[in-house]
Amino acid sequence: MIGFLNAQSLEAFIEPLRVFRQSLKEAGFVEGENVAIEYRWAENQIERLPALAADLARRRVAVIAAFGSLTSLQAKAATTTIPIVFNIGDDPVKIGLVASLARPEANLTGVNFLTSELTSKRLELLRELVPSATRIAVLVNPADGPVTEAALTDVAAAARAMGLQIQVFSANSSDDINAAFATFAHDRPDALFVGPGAFFTTRRVQLAQLAARHALPATYPRRQIAEVGGLMSYGATLDGAWRQVGLYIGRILRGAKPAELPVVQSSTFELVINAETARMLGVAVPPQLLARADAVIE
């Protein structure tokens, strides 16, 4: 039996789940035929994660698939014996999930799709898109703990190197997001940098609509946000990351130990620009940036 732990809802994870199940099938395991999956969805209420992780541990599932950094940390806290395969955007060594990428040790391994490592690149692309921007609002989720701390360290260092001023805002609810944008309306930052985390992906429509309403150019870590009206995203292509989780779980079910499986790092990244949103905001996308985009949404 596979334990499946996710901070989001099923509705927000349909495509990743399809890829995950397909990769399990490639590894020789078909849900309902030769393997069962116990799903635990936190429904965006991350305070539920410790109890959900503990429940999977009590059920003694053979392996746990954990999606998201905070989710993976809670899974690790729940068991030191059940293998855990994570899929996260943060450095798993920096946030304390594994001892090293090559030799994870203990009971965890997985996939790192490098959200935090791309912070500097995302800021560079934002400045290229809005060359006059000097004051950047940074929106993060404080409930993500060490994940947010790592992201803030990275964005502060990148901003200093580029001579940008940043102001940090926190949000872990829809009301918090509304409050942050109300402050933006008063303070008028030049652009917005949205931090990593499943919470912001689940609130992608709200973020995109508020940024449009306040005419605020913004960069996001996930393509899904650009697809619903966000101006620009830059991050790893995630199909491969979701697939790798299923393949690793298949290997563990066949006897492999997590410590024997090095953490896989994403190697393909995509720049997505929503040209319709750019026109609505009055942002002239430089032709050279448009030419480099992997996808342009019209």
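Read-outs throughout are calculated quantities, based only on the coordinates presented, and are distinct from any laboratory measurement. Computed from a predicted model, the values in this text were never measured in an experiment. When we count neighbours, we look across all protein chains shown, and the Cβ atoms used for this are built from the backbone with ideal geometry, even at glycine.
Assorted remarks:
- Principal-axis analysis of the Cα atoms of the chain puts helix 239-253 at an angle of about 20° to the longest axis.
- Length added when fully stretched, E276-Q209, from 0.36 nm per residue minus Cα-Cα: 22.8 nm
- Working from Cα pairs under 8 Å separated by at least six residues, relative contact order for the chain is 21 percent.
- A DSSP coil position with no more than 16 other Cβ atoms inside 10 Å describes the following trypsin sites (Lys or Arg not before Pro) in region 245-289: R254.
- Helical content alone sets the calculated 222 nm signal of the chain at -12000 deg cm²/dmol, taking -39,500 (n - 2.57) per DSSP H segment of four or more residues and averaging over every residue.
- Debye intensity ratio in log₁₀ form over the Cα atoms of the chain, taken at each q of 0.11 Å⁻¹: -0.64
- Placing +1 on the Cβ of every Lys and Arg and -1 on the Cβ of every Asp and Glu, with no other charges, gives region 224-275 a dipole of roughly 340 debye about its Cα centre.
- Taking GluC sites (Glu not before Pro) across region 69-127, the ones in a DSSP loop with at most 15 further Cβ atoms lying within 10 angstrom of their Cβ are E105.
- Hull shadow area, averaged, region 71-219 [alpha-carbon convex hull, nm²]: 9.1 nm²
- Of the beta bridges in the chain, as assigned by DSSP with both residues counted there, near 10 percent are antiparallel.
- The long axis of helix 174-187 is offset from the longest Cα principal axis of the chain by roughly 20 degrees.
- Using alpha carbons only, the radius of gyration of region 154-298 set against its Kirkwood radius gives Rg/Rh = 1.05.
- C-alpha long axis of helix 119-129 to longest principal axis of the chain, angle in °: 30 degrees
- Lysines with Cα under 30 Å of K94, excluding same-chain neighbours fewer than 8 positions away: K76, K121, K257
- Whole-angstrom gap from region 118-178 to region 3-29, using each part's C-alpha centre: 30 Å
- Each Cα pair under 8 Å and six or more residues apart adds its separation to the average, and for region 205-298 the resulting relative contact order is 29 percent.
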